[in-house]
1. Among the residues of region 140-171, write down those that are assigned to a loop (DSSP other than H, G, I, E, B), surrounded by fewer than 18 Cβ atoms within 10 Å (Cβ to Cβ) and among the β-branched types (V, I, T).
2. Among the residues that make up region 66-80, is at least one of them outside any loop (DSSP other than H, G, I, E, B) and among the hydroxyl-bearing types (S, T, Y)?
3. Do we have any residue at all in region 33-53 that's at pLDDT 90 or above, in a helix (DSSP H, G or I) and buried (at least 19 other Cβ atoms within 10 Å of the Cβ)?
4. Specify the residue that is surrounded by the fewest Cβ atoms within 10 Å (Cβ to Cβ); the eligible residues are those in region 116-139 that are aliphatic (A, V, I, L, M) and either touching a residue at least 40 places away in the same chain (Cβ under 8 Å) or outside any helix (DSSP H, G or I) (or both).
5. Pull up region 54-84, narrow it to residues that are under 30 Å from L172 (Cβ atoms) and of a type in the set (S, T, Y), then point me to the one that is most open to solvent (accessible area, probe 1.4 Å).
6. Note down all Cβ pairs under 9 Å where the first residue falls in region 63-80 and is of a type in the set (D, E, K, R), the second is outside any helix (DSSP H, G or I) and at pLDDT below 90, and they're at least six residues apart or on different chains.
7. Across region 85-115, which residue is farthest from L144 (Cα to Cα) among those that are touching a Gly at 6+ places or on another chain (Cβ under 8 Å) and surrounded by 21 or more Cβ atoms within 10 Å (Cβ to Cβ)?
Amino acid sequence: MIALAATSPLWLATRGAGIVALLLLTVTLVLGVADVKRWRAPGWPRFVVDAIHRGASLLSILFVALHVATTVLDGYVAIGWLDALIPFASPYETFWVGLGTVAFDILLLLGLSGLLRQRVGHRTWRAIHWSAYGCWPIALVHALGTGSDAATPWMLAVAALCALAVAGAVALRVGGVGGAGGGRAGIGHGAGA
């Protein structure tokens, strides 16, 4: 039966979208942490880093939505639409799927607050934006706890590289290494972030 699941186009899409979403969430978090230090790549204007951060954020939401939709539509395991929104409601792998649901809910909140940033105000948006620091590790643990690829060497390598990238960005931030323009307090609230 597992072999059948592995050949289902929806199951393959679920796996692929989940991995791409994790990579995009990692890029988003790394650039968000770097943005606090006003980091920019040599030769690139700062707005380019902000634009990549925003683009990766939006793409991560799309890929997580694709991951959720293909998981539900595949039907190989009993995960419904409400299970994708209500944490720990899924009868299948309740804890691990529940973590994915928590990360998805946080991501939806982040996306919504970004869209409503002008209406909710900068302080409220920034307070909500801090939840990004919780979304990524929860998504990483979800990826390592469930799915047919969770314990494979290549998936463990992807997870390790993502963790190293985030740890490196956080170390640079905490260590006080600033980019052009020096550091500032808060999280990723540069031009248009």
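The values are calculated or read from the model by the stated rules, or taken from the named source; none is laboratory data. All figures in this text were calculated on a predicted structure; none of them were measured in a lab. Every residue, glycine among them, receives a Cβ derived from its backbone with ideal geometry; neighbour counts consider all protein chains shown. Protein only, heavy atoms only, side chains kept; ligands, DNA and RNA dropped before computing areas. Shrake-Rupley method; radii C 1.70, N 1.55, O 1.52, S 1.80 Å.
1. Matches in region 140-171: T152 only.
2. So the first thing to find is which residues in region 66-80 are outside any loop (DSSP other than H, G, I, E, B), and the list is 66-74.
Adding the requirement that they be among the hydroxyl-bearing types (S, T, Y) leaves 70-71.
Checked against the condition, which is being outside any loop (DSSP other than H, G, I, E, B) and among the hydroxyl-bearing types (S, T, Y), region 66-80 yields at least one hit.
3. Filtering region 33-53 down to residues at pLDDT 90 or above leaves none.
The answer is no; no qualifying residue exists.
4. At the first step, the residues of region 116-139 found to be aliphatic (A, V, I, L, M) are 116, 120, 127-128, 132, 138-139.
Remaining after also requiring either touching a residue at least 40 places away in the same chain (Cβ under 8 Å) or outside any helix (DSSP H, G or I) (or both): 116, 132, 139.
Working: L116: 13, A132: 20, A139: 26.
So, considering only residues that are aliphatic (A, V, I, L, M) and either touching a residue at least 40 places away in the same chain (Cβ under 8 Å) or outside any helix (DSSP H, G or I) (or both), the one surrounded by the fewest Cβ atoms within 10 Å (Cβ to Cβ) is L116.
5. Our first condition is that a residue be under 30 Å from L172 (Cβ atoms); within region 54-84, this holds for 54-64, 67.
From what's left, of a type in the set (S, T, Y): 57, 60.
Working: S57: 32, S60: 2 Å².
Filtering region 54-84 for residues that are under 30 Å from L172 (Cβ atoms) and of a type in the set (S, T, Y), the one most open to solvent (accessible area, probe 1.4 Å) comes out as S57.
6. D74/S8
7. Filtering region 85-115 for residues touching a Gly at 6+ places or on another chain (Cβ under 8 Å) gives 87-90, 93, 95-96, 99, 106.
Now restrict to residues that are surrounded by 21 or more Cβ atoms within 10 Å (Cβ to Cβ): 90, 99.
On the way: S90: 17, L99: 11 Å.
Once the filter is applied, the top-ranked residue is S90.
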